[in-house]
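These notes are about the structure you will find just below.
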């Protein structure tokens, strides 16, 4: 677990923050706090360090692992993934396996009865479209075309597609999981009721179109949401963002020190 250290507010953060209204190209005319976003990045970098580690998984491994990760913690995701690959070393074997057996292997992941047939359907579709499961063809597509193809696969949405594109292919997209979404809306960078799907587009419009910066932002907010800004018992009193956070400012009951 990353160690968090307290961060003092710098003099430039005393200045009034300027808001930005998303343009019509996003289809969501919503006011967002860009200055606050940059303050948050500086604070979290000071607390957790600059985040630079991409995934070592292949695009196909990342795709299936992300499907397994839905509503599941990382430890259970990896247990399910490893059990599946130990029994079926190739994706072709996974696709042709008895679905009930695959479901049993990925039992540590929540909702295996839904994920097992979905994984098989995804693999079969990729093989039918491109003849193998390597996903090498994504390298030849624009980011937009690669994302559109991934999102055409059964059960693959913004989160799963952007995880593959950013972490395995280093494309300038931004995955927004529950932790990134929670920190962004609680602090006031985005309106509190912004959906996770809208947050993908809005946050990307506020950040540099640079994979390294997007990776850094995603992982900083992920770590903070996992360790401090948790869903049930946020540790606001020890949070390095509490003096700039709308959630804390409203006096919402919080826990911990």
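Checking the structure you have, find out if any residue of region 141-148 is within 16 Å of the chain's Cα centre (by Cα) and either part of a helix (DSSP H, G or I) or assigned by TED's automatic domain parsing to the domain that holds residue 194 (or both).
Within region 141-148, the subset within 16 Å of the chain's Cα centre (by Cα) is 147.
Narrowing the set further to residues that are either part of a helix (DSSP H, G or I) or assigned by TED's automatic domain parsing to the domain that holds residue 194 (or both) leaves 147.
Yes, because at least one residue in region 141-148 is within 16 Å of the chain's Cα centre (by Cα) and either part of a helix (DSSP H, G or I) or assigned by TED's automatic domain parsing to the domain that holds residue 194 (or both).
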Revision key, fill the gap. Going through region 54-78 in order, the residues found to be part of a helix (DSSP H, G or I) and over 16 Å from residue 119 (Cα atoms) are 74, 75, 76
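Any residue in region 171-178 that is assigned to a helix (DSSP H, G or I), in the same structural domain as residue 32 (by TED's automatic domain parsing) and touching a helix residue (DSSP H, G or I) at 6+ places or on another chain (Cβ under 6 Å)?
At the first step, the residues of region 171-178 found to be assigned to a helix (DSSP H, G or I) are 178.
This time we only want the ones that are in the same structural domain as residue 32 (by TED's automatic domain parsing), so: 178.
Okay, now just the ones that are also touching a helix residue (DSSP H, G or I) at 6+ places or on another chain (Cβ under 6 Å), so none.
Checked region 171-178: no residue is assigned to a helix (DSSP H, G or I), in the same structural domain as residue 32 (by TED's automatic domain parsing) and touching a helix residue (DSSP H, G or I) at 6+ places or on another chain (Cβ under 6 Å).
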Exercise for review: Filter region 114-140 down to residues that are assigned to a loop (DSSP other than H, G, I, E, B) and more than 22 Å from the chain's Cα centre (by Cα) and give me whichever is surrounded by the most Cβ atoms within 10 Å (Cβ to Cβ).
Suggested key: 133
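Inspect all residues belonging to region 218-229 and state whether any of them is outside any helix (DSSP H, G or I) and either at pLDDT 95 or above or in contact with a helix residue (DSSP H, G or I) (Cβ under 7 Å, 6 or more places away or on another chain) (or both). Spell out the reasoning first.
Of all residues in region 218-229, those outside any helix (DSSP H, G or I) come to 228-229.
This time we only want the ones that are either at pLDDT 95 or above or in contact with a helix residue (DSSP H, G or I) (Cβ under 7 Å, 6 or more places away or on another chain) (or both), so: 228-229.
Yes, the conditions are met somewhere in region 218-229.
Does residue 51 satisfy being assigned to a loop (DSSP other than H, G, I, E, B) and either farther than 30 Å from residue 134 by Cα or in contact with a helix residue (DSSP H, G or I) (Cβ under 9 Å, 6 or more places away or on another chain) (or both)?
Numbers: assigned to a loop (DSSP other than H, G, I, E, B): yes; either farther than 30 Å from residue 134 by Cα or in contact with a helix residue (DSSP H, G or I) (Cβ under 9 Å, 6 or more places away or on another chain) (or both): yes.
Answer is yes for this residue.
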**Study point:** Number of the condition not met by residue 47 [criteria: (1) assigned by TED's automatic domain parsing to the domain that holds residue 158; (2) over 22 Å from residue 154 (Cα atoms); (3) modelled with pLDDT of 95 or more]
**Key:** (1)
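The values are calculated or read from the model by the stated rules, or taken from the named source; none is laboratory data. Predicted, not measured: the structure shown is a model, and the values here were computed from it. Positions of Cβ are backbone-derived with ideal geometry, glycine not excepted, and every protein chain shown enters the neighbour counts.
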